[in-house]
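Everything below concerns the one structure shown next.
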């Protein structure tokens, strides 16, 4: 039977390339159908379908013409022929015509499949599942925290890459080193916060959060529990002044005044985490008025500009943990008790839950085992009747503590609230008090005030029932500490006592 294709295809390299291409193409189509049917496919299946198999198919396609070229050269050498120039393609010859149409149709099909595959590969590598589960042990903390954050429906790349081809390319080049670091096991534990190479908030956050349309004040209420036998609740309600009393006033006052388009706040941080800020500059962009505030307790107070990074304040300077927040034990235990995931009826559950969550563990398995054994043993020794008669209640408490622990603390990666300061508020980290500590003073004697009512009014506080104080509308209560410590709370930062392991 006469061959329908040029004789140069009859070599092992070309035939091997054709087999590789056809096999890869079949596997890609098959796996694409499988991933379309499966709702929760494994992340590695997408890696094979959209990245590895297309690469193998391209190698096979390269083998085909290379083999044909080598076979043509071998025929020329053995036949003693020396045909200069490009080979002649005569479409009147059936074998050349068949080869031409196979090439055109095959190329068109390959380009089409490559376009679809490239599109799918792009979206696959930009997906939260890809970022969070491909390197499971490394990115587990970030993935778990993200899934429990207000931004859980926002893909990782929407914030970490943002719009634009140049940032997409930069992120993929950065990813090459990350692959190497993971494979060579040279990545740091915990993973450092990418402070230096994040895009400006105005290029990312403001795709959704438009400053000119921020709303006015909001009311927030939380319940804390004391470390006593009864887990005594202490409720506090704050009127947060994130904006002015009325939305129509814009950004003239309130917490979001810091990003008022008519004002620029520059500061210098002397540490990598931007927790120590000895120098702040205020500029009124309308009047060109400039005020410089220096921390009196820092060497820069003599007038010299301190060494460090100078930065213009934006959203991320306060909202630095918008999607990967690791709460302190006192926080997540309070939340779980309020939500009913940990029974408030268990005596001393607040105290012992925080104590066991504060301890160091070598792994998540070790933490689960020791926390369960420790809490159970505590009730066995101190409340044997409770354990005997209400074991289900104790089990619910243990399960609730473990669930909260595993969403906020990751021993293998050394990730906890202590590794990543949260700059919203000032209870467990300096946050607002990095600047609003009453120590930053201008040359004219003005200070950046440390005034509680500057950012919020206390509307409700105290134990539910007769002990609950409620302010009149438009008024603010004087803060009362749940435990009587006199005026110490006015003289020292909250963080001196509140380390995350106490109320």
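The table for this structure:
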item: Count of the range 481-496 residues which are under 21 Å from residue 431 (Cα atoms) and modelled with pLDDT of 80 or more; result: 6
item: Residues being closer than 17 Å to residue 452 by Cα, part of a loop (DSSP other than H, G, I, E, B) and within 37 Å of the chain's Cα centre (by Cα) - total across the range 483-497; result: 2
item: Residue among 277, 316 that is touching a residue at least 40 places away in the same chain (Cβ under 8 Å) and in contact with a strand residue (DSSP E or B) (Cβ under 6 Å, 6 or more places away or on another chain); result: 277
item: Given (1) surrounded by fewer than 16 Cβ atoms within 10 Å (Cβ to Cβ); (2) in contact (Cβ under 8 Å) with a residue 60 or more places away in the chain; (3) not assigned by TED's automatic domain parsing to the domain that holds residue 450, index of the condition residue 344 fails; result: (1)
item: Count - residues of the range 446-455 that are in contact (Cβ under 8 Å) with a residue 60 or more places away in the chain and over 16 Å from residue 221 (Cα atoms); result: 4
item: Matching residues, the range 220-242, being touching a helix residue (DSSP H, G or I) at 6+ places or on another chain (Cβ under 6 Å) and either under 20 Å from residue 471 (Cβ atoms) or loosely packed, with under 13 Cβ neighbours inside 10 Å (or both); result: 223, 224, 241, 242
item: Neighbours by Cβ (under 6 Å, 6+ apart or cross-chain): first from the range 219-235, free of Cβ contacts under 8 Å to residues at least 60 places away in the same chain; second assigned to a strand (DSSP E or B); result: 220/238; 220/240
item: Those residues of the range 456-490 which are touching a strand residue (DSSP E or B) at 6+ places or on another chain (Cβ under 7 Å) and touching a residue at least 40 places away in the same chain (Cβ under 8 Å), in sequence order; result: 456, 457, 458, 459, 460, 461, 462, 463, 464, 468, 476, 482
item: Among the residues listed as 113, 173, the single one being assigned to a helix (DSSP H, G or I) and at pLDDT 70 or above; result: 173
item: Selection count where residues are over 32 Å from the mean Cα position of the chain (by Cα) and surrounded by 16 or more Cβ atoms within 10 Å (Cβ to Cβ), scope the range 443-468; result: 4
item: Number of the condition not met by residue 370 [criteria: (1) at pLDDT 95 or above; (2) over 23 Å from residue 138 (Cβ atoms); (3) within 28 Å of the chain's Cα centre (by Cα); (4) surrounded by fewer than 18 Cβ atoms within 10 Å (Cβ to Cβ)]; result: (3)
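The values are calculated or read from the model by the stated rules, or taken from the named source; none is laboratory data. These numbers were taken from a predicted model, which means no experiment stands behind them. Glycine gets a Cβ as well: all are built from the backbone with ideal geometry, and neighbour counts include every protein chain shown.
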